[in-house]
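Notes for the one structure printed next.
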Amino acid sequence: MRERLLLTGNHAAAYGAMLSRAEVISAYPITPQTMIVELLSELTASGRLDAEFITVESEHSAMAACVGASAAGARAYTATSGQGLALMHEMLHWAVGARLPIVLTNVSRAMAPGWSIWSDQSDILSQRDVGWMMVFAETVQEAQDFVLWMYRVSEQVYLPGMVGMDAFILSHTAEPLIVHDQEAADAYLPPFEPIYDLDPAEPRAYGGLVNRDHYFELRYKIYESMERAGSLLREAGEEFGEVLGRRYTPLEGYLLDDAEYVVVSAGAMTSNVRQAVRDLRDRGVKVGLLRVIAFRPFPITEVRSLLGGRRKVAVLDRNMSPGHSGIFAEEVRSALFGQPDAPPVYGYVVGIGGRDVRVETVVDVVDDLTVREEPEMALYVGVKGLPIGPLRRDSQITRLQPLEVQP
Amino acid sequence: MIELRFHGRGGQGAVVASKTLAQAAFLAGRYVQSYPDYGVERRGAPVVAFARIAEPGDDLFVRQDIREPHHLLILDATLLDSANPLVGLRPGGWVVVNTPETPESLGIESTYRVATVDASAIALRHGLGSAAQPVVNTAILGAFVRATGIVTLDDLLDAIEHEVPAKKEENRVAAIEAHDHVELGVPV
């Protein structure tokens, strides 16, 4: 039965796994994700979800269990966060190389040390080059729906998919959503029937040694499948609209048509960008929003066509690649490079470690964007005692003084 | 948009209170959001939670801490001395406090409306929590509903049914008792 409920982002993700009829769930608890697998274990124990719930001693093992389950032909799901995702890293590669359509929800959390449980997308973006599809949810509804959307595409291209959800501002935020009717969800996502699976009646070996004369071709097929996933994400997003009533796209624009300035954002902080764009429009600033929903595969062609010809672009990054820039800014610059109508891209690093990214923070960014003359790789917003600006140059950096030893 | 802030201590149920109130408004057909300012969970440490309730015409919801709430719910009166929970409260806002004292005795400035209820005593009478740590969330909500009228008592009782994990009946009765016995300060 289709229901309108009030749920947190975490519980919505669990509902997404249930509506997807996940058959094997393996997970290790970690704040702020724990509520996802807690609810899934309850749903499994009560029989509402017909799945095996495998408890393990680490996230590395959780992904290993998902790899085994998926290789045996089961639809496998897990959820993690921050250090947990990092510990999974080796097995994340395995899921890609073995071509297993596992789906994972990552509740993005800052990396330790300093020990932090708060919002920061550095954890998921550190997995950028592994070969998982990645989408970023903004709402509780999407935290649920993107699990189905990922499975729909994953099982066509035999690549795993990751749903990114921001810690607390989405994971622990309760808001209304539509929980889809199970039959409608089944119509959208048919049972997983893999081309190959582990079957004792028909033994095969997997994951063996590959010599130099084959490995490149295996990887080439992965690259090809990821390319294909781009158009399939669009198709599956359209189908979602037809079957389940909400259409999803790899990118989403807001007040973009006549915008001279564009703010690029991903994830839950985008809700505040939307409000800021509206407030700035009331002040007469011609600004729009481009939300990146699909990060892998990156929608390069659409980014070019939606950003081409604009006066300036600000990219908000709740993450940082030290020694380079915010990662979304990097991606946007790279997509635009060499285009005749490419706008200058200004990178803004915001909200690291869960610092509140407020509507007024975004307004400050756009005010800075409109007057700043030269684009910068990364401008830091909200560092205590510093105005919005690039990293301090050598001469401005205060050296650490040796500790004075008290007699 | 009505914005609410809850101040409590770990274990009193401030987070559940914000979700329950949001649920009550949601059951009444309104768009809502509830969000805890999540610290590292420690019993007794100050906890803050937020709720937003849409009014007609509201179509965008933001995701940020509420700095200028319309009303406050204070689950532990000692927070008035230490955590300055009144910061940012809009003039005319209600401050609903768990205390045996009268509204006038709290010394809260007269730009605000004050309601007091002995939620700890009510919670204990109904076996909610322990003497050292009564769970006062449903009682304070009963008082809040009476003071502000933002949702009806019936909607609150339905929401308790949805959101409160244990002792549902005791929680319902505690909410009703607080609703009926809250002291509403007289605006100066």
### Query
Is there any pair linking a residue in the range A:89-109 that is closer than 11 Å to residue A:71 by Cα to one that is among the polar types (S, T, N, Q), with Cβ under 7 Å and at least six apart or on different chains, and which?
A:100/A:70; A:101/A:70; A:101/A:154; A:102/A:70
### Task
Having 1 or more residues that are on the phi < 0 side of the Ramachandran plot and in contact with a Pro (Cβ under 7 Å, 6 or more places away or on another chain) is the bar; report the helices (runs of 4 or more DSSP H) wholly within the range A:117-210 that clear it.
A:140-157
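Listed residues A:137, A:110, A:174, A:167; which is within 14 Å of chain B (Cβ to nearest Cβ) and in contact with a Gly (Cβ under 6 Å, 6 or more places away or on another chain)? First the steps, then the outcome.
Numbers: A:137 fails: in contact with a Gly (Cβ under 6 Å, 6 or more places away or on another chain); A:174 fails: in contact with a Gly (Cβ under 6 Å, 6 or more places away or on another chain); A:167 fails: in contact with a Gly (Cβ under 6 Å, 6 or more places away or on another chain).
Residue meeting the stated conditions: A:110.
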### Query
Could you say which residue among A:30, A:36 is part of a loop (DSSP other than H, G, I, E, B), of a type in the set (Val, Ile, Thr) and crowded, with 19+ Cβ neighbours inside 10 Å?
A:30
## Note on the structure
Only one of B:54, B:22, B:28 is under 19 Å from residue B:144 (Cα atoms) and facing another protein chain (nearest Cβ under 9 Å), namely B:22
### Query
Does residue B:57 satisfy being surrounded by fewer than 19 Cβ atoms within 10 Å (Cβ to Cβ), in contact with a strand residue (DSSP E or B) (Cβ under 6 Å, 6 or more places away or on another chain) and more than 17 Å from residue A:168 (Cα to Cα)?
no
### Task
Please note which helices (runs of 4 or more DSSP H) are completely contained in the range B:71-155 and include at least 2 residues that are within 30 Å of residue B:169 (Cα to Cα).
B:119-125, B:137-148
### Message
Just to verify a result, which residue in the range A:356-371, among those that are over 17 Å from residue B:60 (Cβ atoms) and touching a residue at least 60 places away in the same chain (Cβ under 8 Å), is nearest to the chain's Cα centre (by Cα)?
### Response
A:365
#### Entry: Residues satisfying the stated conditions in the range B:63-84, i.e. of a type in the set (D, E, K, R) and in contact (Cβ under 8 Å) with a residue 12 or more places away in the chain
B:63, B:65, B:67, B:68, B:76
### Task
Go through the residues of the range A:134-147 one by one and say whether even a single one is over 22 Å from residue A:298 (Cβ atoms), in the same structural domain as residue A:15 (by TED's automatic domain parsing) and crowded, with 21+ Cβ neighbours inside 10 Å.
yes
### Query
Which one of these does residue A:363 not meet: (1) in contact with a Gly (Cβ under 7 Å, 6 or more places away or on another chain); (2) within 14 Å of another protein chain (Cβ to nearest Cβ); (3) surrounded by fewer than 23 Cβ atoms within 10 Å (Cβ to Cβ)?
(1)
### Task
Output the residues belonging to the range A:121-161 that are over 15 Å from residue A:189 (Cα atoms), touching a residue at least 60 places away in the same chain (Cβ under 8 Å) and within 11 Å of the chain's Cα centre (by Cα).
A:121, A:122, A:125, A:128, A:132, A:133, A:134, A:135, A:136, A:137, A:138, A:143
### Task
Filter the range A:223-242 down to residues that are within 17 Å of the chain's Cα centre (by Cα) and in contact (Cβ under 8 Å) with a residue 40 or more places away in the chain and give me whichever is nearest to residue A:95 (Cα to Cα).
A:226
### Message
When the residues of the range A:1-17 are narrowed to those that are crowded, with 24+ Cβ neighbours inside 10 Å and more than 14 Å from every other protein chain (Cβ to nearest Cβ), which ends up nearest to the chain's Cα centre (by Cα)?
### Response
A:13
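Of these, A:96, A:107, which one is closer than 30 Å to residue A:269 by Cβ and crowded, with 24+ Cβ neighbours inside 10 Å? Talk me through it step by step, then tell me what you get.
Numbers: A:96 fails: crowded, with 24+ Cβ neighbours inside 10 Å.
Exactly one residue qualifies, and that residue is A:107.
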#### Entry: The listed residue being within 13 Å of chain A (Cβ to nearest Cβ), of a type in the set (A, V, I, L, M) and in a strand (DSSP E or B), out of B:16, B:47
B:47
### Task
Exactly one condition in (1) within 26 Å of residue B:154 (Cβ to Cβ); (2) within 14 Å of another protein chain (Cβ to nearest Cβ); (3) touching a helix residue (DSSP H, G or I) at 6+ places or on another chain (Cβ under 8 Å) is not met by residue B:60; state its number.
(1)
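Return the residue satisfying two criteria in turn: it lies in the range A:253-306 and is of a type in the set (D, E, K, R) and away from every other protein chain (no Cβ under 14 Å), and of such residues it is nearest to residue A:161 (Cα to Cα). I'd like the intermediate steps shown before the answer.
So in the range A:253-306, the residues of a type in the set (D, E, K, R) come out as A:257-258, A:260, A:274, A:278-279, A:281-283, A:286, A:291, A:296, A:302, A:304.
Of the ones still in play, those that are also away from every other protein chain (no Cβ under 14 Å) are A:257-258, A:260, A:283, A:286, A:296, A:302, A:304.
Values: A:257: 31, A:258: 34, A:260: 34, A:283: 41, A:286: 36, A:296: 9, A:302: 21, A:304: 24 Å.
Within the range A:253-306, the match that is nearest to residue A:161 (Cα to Cα) is A:296.
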### Query
Only one of B:186, B:145, B:151 is of a type in the set (A, V, I, L, M, F, W, C), more than 14 Å from chain A (Cβ to nearest Cβ) and closer than 19 Å to residue B:23 by Cβ; which?
B:145
### Task
Determine which single condition residue A:210 fails, assuming it passes every other condition in (1) within 24 Å of residue A:340 (Cα to Cα); (2) modelled with pLDDT under 95.
(1)
#### Entry: Residue that is in contact with a Pro (Cβ under 7 Å, 6 or more places away or on another chain) and closer than 20 Å to residue A:343 by Cβ, where the choices are A:286, A:312
A:312
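The values are calculated or read from the model by the stated rules, or taken from the named source; none is laboratory data. Since the model is a prediction, treat every value here as computed from it, not as a measurement. Here the Cβ is made from the backbone with ideal geometry for all residues, glycine too, and neighbour counts use every protein chain on show.
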